[in-house]
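Visitor: Shown below is the structure under consideration.
The values are calculated or read from the model by the stated rules, or taken from the named source; none is laboratory data. Predicted, not measured: the structure shown is a model, and the values here were computed from it. Glycine also receives a Cβ, built like all others from the backbone with ideal geometry; neighbour counts cover every protein chain displayed.
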């Protein structure tokens with residue numbers, strides 16, 4: 001019996017040794033046809049998805065990003081504040097509800113980005129130990145178009161932008177306009193509305209002013225396998241003065257790791273000289289109105305920006 005067991009072990013060892021004899025180059029050669037098969041299947045899936053996207057009716061979708069970090073130091077004397085607790089929490093949401101028919105389309109989109117930050121110096125009883133609002137972006141759009149051809153349509157657009165955690169609708173921006181929409185491919189929408197009114201809402205005495213101008217929107221949304229990408233540029237060019245023009249450009253990226261969980265990145269850019277001037281006047285008044293009061297001519301159109309990196313959940 002003992003000899004039989006030893007013989008079986010020897011056979012297993014020999015088989016294991018044979019399995020280990022394959023070189024790295026041989027294993028890579030075995031991988032090539034499998035990768036080619038995966039690539040072929042992915043192309044078939046993309047083609048089927050394109051057919052689904054072209055079907056009439058409603059299409060819904062959403063994905064979001066959540067990022068968070070927490071830290072706590074106790075008697076960490078190598079830094080200036082040895083006893084400090086800090087945290088940063090941020091979340092974004094991109095959602096759409098689109099309807100496509102033979103003669104018309106209706107596209108609705110929502111972008112939401114909220115963030116909170118906390119920095120508590122436990123040795124300072126007078127500091128703010130709670131969470132404060134850090135990022136606050138709310139943007140909703142609705143675009144309706146009547147098709148003149150498969151790629152060109154007469155359209156009307158409504159877009160509203162504001163903050164919701166602090167200073168809701170102060171300022172708030174509402175664009176209403178008419179013009180044309182071009183859809184050269186399924187994933188790209190370009191809106192050009194030469195007749196657009198930019199309503200600006202604010203409270204008290206402010207520099208904000210509504211005006212007539214042109215609206216340009218470009219939106220590219222694409223999903224390829226595990227990757228989802230969205231880029232949206234919304235710009236208003238005032239006919240009254242370039243000081244009343246503004247733009248917002250938001251780019252979102254999501255890579256699915258497993259199930260509905262993934263990693264996401266979002267970056268936003270904004271140019272708005274009215275907001276820059278309002279902020280400069282607030283700082284001027286806070287400093288006791290020392291020097292010359294800021295005006296549109298004396299300030300730069302400073303670029304605003306934010307970014308967020310974290311885990312995502314796709315719906």
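Visitor: Would you pick out the residues in region 195-209 that are under 15 Å from residue 159 (Cα atoms) and without any contact (Cβ under 8 Å) to a residue 24 or more places away in the chain?
Guide: Selection gives 195, 197.
Visitor: Still on this structure, please answer the following. Kindly indicate which of 239, 220 is under 30 Å from residue 312 (Cβ atoms) and without any contact (Cβ under 8 Å) to a residue 60 or more places away in the chain.
Guide: Every option except 220 fails the conditions.
Visitor: In this structure, does residue 102 turn out to be in a strand (DSSP E or B), in contact with a strand residue (DSSP E or B) (Cβ under 9 Å, 6 or more places away or on another chain) and exposed (fewer than 14 other Cβ atoms within 10 Å of the Cβ)?
Guide: On the way: in a strand (DSSP E or B): no; in contact with a strand residue (DSSP E or B) (Cβ under 9 Å, 6 or more places away or on another chain): yes; exposed (fewer than 14 other Cβ atoms within 10 Å of the Cβ): yes.
Here the answer is no, as residue 102 does not meet what is asked.
Visitor: Consider residue 109 carefully, then state whether it is touching a strand residue (DSSP E or B) at 6+ places or on another chain (Cβ under 9 Å), buried (at least 18 other Cβ atoms within 10 Å of the Cβ) and modelled with pLDDT of 90 or more. Give the steps one after another, and end with the answer.
Guide: Values: touching a strand residue (DSSP E or B) at 6+ places or on another chain (Cβ under 9 Å): yes; buried (at least 18 other Cβ atoms within 10 Å of the Cβ): yes; modelled with pLDDT of 90 or more: yes.
It is true that residue 109 is touching a strand residue (DSSP E or B) at 6+ places or on another chain (Cβ under 9 Å), buried (at least 18 other Cβ atoms within 10 Å of the Cβ) and modelled with pLDDT of 90 or more.
To keep it simple, each residue is scored yes or no on (1) in contact with a helix residue (DSSP H, G or I) (Cβ under 8 Å, 6 or more places away or on another chain); (2) surrounded by 19 or more Cβ atoms within 10 Å (Cβ to Cβ).
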position: 156; (1), (2): no, no
position: 161; (1), (2): no, yes
position: 171; (1), (2): yes, yes
position: 174; (1), (2): no, no
position: 181; (1), (2): no, yes
position: 184; (1), (2): no, no
position: 196; (1), (2): no, yes
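Visitor: I would also like to ask the following. Would you point out which residue out of 123, 136 is surrounded by 18 or more Cβ atoms within 10 Å (Cβ to Cβ) and out of contact with any helix residue (DSSP H, G or I) (no Cβ under 8 Å at 6 or more places or on another chain)?
Guide: Answer to the selection: 136.
Visitor: Sort out which residues of region 45-74 are closer than 30 Å to residue 103 by Cα, outside any loop (DSSP other than H, G, I, E, B) and in contact (Cβ under 8 Å) with a residue 40 or more places away in the chain, and write them in order of number. Even if it seems obvious, please write down each step before you answer.
Guide: Quick first cut of region 45-74, residues closer than 30 Å to residue 103 by Cα only: 45-63.
Next, only the ones that are outside any loop (DSSP other than H, G, I, E, B) stay: 45-54, 57-63.
Listed by number, the residues that qualify are 45, 46, 49, 50, 53, 54, 57, 58, 59, 61, 62, 63.
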